[in-house]
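Just below is one structure, and these are the notes that go with it.
The values are calculated or read from the model by the stated rules, or taken from the named source; none is laboratory data. For clarity, every value in this text was computed on a predicted model and none was experimentally measured. No Cβ is skipped: glycine too gets one built from the backbone with ideal geometry, and neighbour counts run over all protein chains shown. Each accessible area value is taken on the protein alone, full model and side chains, heavy atoms only, with ligands, DNA and RNA left out. Shrake-Rupley method; radii C 1.70, N 1.55, O 1.52, S 1.80 Å.
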Amino acid sequence: MYNSQNTSILVKWIYQFSKYYISCNSFISLMTFKDLNIISMKDFSRETIDHILNTAEKLEPVARGVEKSDILDGKVLSLLFFEPSTRTRMSFETAMIRLGGRVLNLGSVEASSIAKGESLADTIRVVEGYSDAIVLRHPKEGSAQMASELVSVPIINAGDGAGHHPTQTFLDLYTIRRESHLDGVKIALAGDLKYGRTVHSLCYALSLYGAEITLVSPKELRLPDEIIYDLKKRNIKVTQTDSIEEAIRDIEVLYVTRIQKERFPDPAEYNKVASSLLITPQLLEKADPKLKVMHPLPRINEIDPRVDDTDHACYFNQSFYGVPVRMALLALVMGVLE
Ligand code: NCD
């Protein structure tokens, strides 16, 4: 027997199913960005990624403030950050502001009802009513996926624990394309490959571009086996080493990551590996002069500040590219660009 409650559950179920259907890799077509959740790079085809990067390129003059746009006039983006953030949060805000939209920020967890014990699920359902899209960063893996199953507005995963960080990957790919080249790029990923969500997401995307990947980390911080398995299944050449000196000679991009102190269950384990990587100008003398050094930032002590003055350093450009890339993602999921 149908009553209005049953009907609304049915409608919601059909809606969720269609969102799931759309977000399955091979089903994302260039026409279906509106309302798309951005949860994991595993969901994106190369064609879709290229379209997002091309859109970002067109928006770059707006990101730089050289051109004006108000395509997101009247739109509201909510930012829910349950972990610290500078670049991701502020570049989403900048992206919205530069396109004429508004931002609502949950602010500190202590100042919100979370401090009274409200669940993430309830918070997300409430914030849905205020927003055209929600950006979520949360320490729990799978939280963005869970949120996307509760609401109808698009959820953008800005990092779920050690899981994924897809919008960082879009900007990383944009940087590689802009400052080096993407197709068949020879890249080393160095640092904390176990807990670093940026490298997890990046690996999946690089596999679509036939990259040759060298993984550089101490044994304790190796890339999870299931990701290596997935890369090999996609016929990607993956090499593992713990020697940065060995890896540096034959690569075009070096992607350095911070050791993710907050994710170590045992502080003693962190101390063992805390200083296992240091990129110096001397080390870079052994590299191709065109080698680009990237880092999602914040850096702690992985890159000597003297590297900043070399042509290798591109991490500050990389953090700026977060603005045009996030503009593109917002305009696409809010349905104002196709
Ligand atoms: C990264 C993150 O939060 O995963 N930062 C970022 O978003 N730019 C990397 C890190 O915290 O080490």
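Being on the phi > 0 side of the Ramachandran plot, touching a Leu at 6+ places or on another chain (Cβ under 9 Å) and modelled with pLDDT of 95 or more holds for only one residue in 161, 191, 142, 196, and it is 191. Residues in the range 105-129 that are aliphatic (A, V, I, L, M), surrounded by 15 or more Cβ atoms within 10 Å (Cβ to Cβ) and without any contact (Cβ under 8 Å) to a residue 40 or more places away in the chain: 106, 114, 120.
Filtering the range 201-224 to residues that are farther than 26 Å from residue 273 by Cα and either open to solvent by less than 30 Å² (accessible area, probe 1.4 Å) or out of contact with any Gly (no Cβ under 9 Å at 6 or more places or on another chain) (or both) leaves 205, 206, 207, 208, 209, 211.
Being at pLDDT 95 or above and within 16 Å of the ligand (Cβ to nearest atom), is that true of even one residue in the range 116-129? No: zero hits.
Condition check ((1) away from the ligand (no atom under 16 Å from the Cβ); (2) under 21 Å from the mean Cα position of the chain (by Cα); (3) farther than 18 Å from residue 302 by Cα; (4) outside the structural domain of residue 172 (by TED's automatic domain parsing)) across all residues:
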{"position": "194", "(1), (2), (3), (4)": "no, yes, no, no"}
{"position": "202", "(1), (2), (3), (4)": "no, yes, yes, no"}
{"position": "205", "(1), (2), (3), (4)": "no, yes, yes, no"}
{"position": "210", "(1), (2), (3), (4)": "yes, yes, yes, no"}
{"position": "219", "(1), (2), (3), (4)": "yes, no, no, no"}
{"position": "242", "(1), (2), (3), (4)": "yes, no, no, no"}
{"position": "256", "(1), (2), (3), (4)": "no, yes, no, no"}
{"position": "265", "(1), (2), (3), (4)": "yes, no, yes, no"}
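Report yes if residue 148 is open to solvent by 10 Å² or more (accessible area, probe 1.4 Å) and away from the ligand (no atom under 16 Å from the Cβ), otherwise no. Against the criterion (open to solvent by 10 Å² or more (accessible area, probe 1.4 Å) and away from the ligand (no atom under 16 Å from the Cβ)), residue 148 does not qualify. All conditions in (1) in a helix (DSSP H, G or I); (2) outside the structural domain of residue 303 (by TED's automatic domain parsing); (3) hydrophobic (A, V, I, L, M, F, W, C); (4) within 16 Å of the ligand (Cβ to nearest atom) hold for residue 135, with the sole exception of (1). Among the residues of this structure, residue 152 counts as one that is touching a helix residue (DSSP H, G or I) at 6+ places or on another chain (Cβ under 7 Å) and in the same structural domain as residue 40 (by TED's automatic domain parsing). With respect to (1) acidic (Asp, Glu); (2) closer than 28 Å to residue 163 by Cβ; (3) not assigned by TED's automatic domain parsing to the domain that holds residue 203, the lone exception for residue 338 is condition (2).
The helices (runs of 4 or more DSSP H) found wholly in the range 155-256 and carrying at least 2 residues that are free of Cβ contacts under 8 Å to residues at least 60 places away in the same chain and not acidic (Asp, Glu) occupy 197-206, 225-233, 244-247.
On the stretch given as the range 151-174, residues that are farther than 28 Å from residue 315 by Cβ and within 11 Å of the ligand (Cβ to nearest atom) total 0. When the range 47-81 is limited to residues that are touching a residue at least 40 places away in the same chain (Cβ under 8 Å) and within 16 Å of the chain's Cα centre (by Cα), the one that is nearest to residue 181 (Cα to Cα) turns out to be 53.
Scanning the range 55-90 for residues that are within 16 Å of the ligand (Cβ to nearest atom) and open to solvent by less than 30 Å² (accessible area, probe 1.4 Å) gives 79, 80, 81, 83, 85, 88. What's the number of the only condition in (1) over 21 Å from the mean Cα position of the chain (by Cα); (2) within 19 Å of residue 331 (Cα to Cα) that residue 174 fails to meet? Going through the list (1) over 21 Å from the mean Cα position of the chain (by Cα); (2) within 19 Å of residue 331 (Cα to Cα), residue 174 breaks only (1). Here is a check on your reading of the model: is residue 93 more than 16 Å from the ligand (Cβ to nearest atom) and free of Cβ contacts under 8 Å to residues at least 24 places away in the same chain? Considered against the rule, which asks whether it is more than 16 Å from the ligand (Cβ to nearest atom) and free of Cβ contacts under 8 Å to residues at least 24 places away in the same chain, residue 93 comes out as no.
This table checks each residue for (1) β-branched (Val, Ile, Thr); (2) surrounded by fewer than 20 Cβ atoms within 10 Å (Cβ to Cβ).
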residue	(1), (2)
277	no, no
290	no, yes
299	no, yes
305	no, yes
310	yes, yes
313	no, no
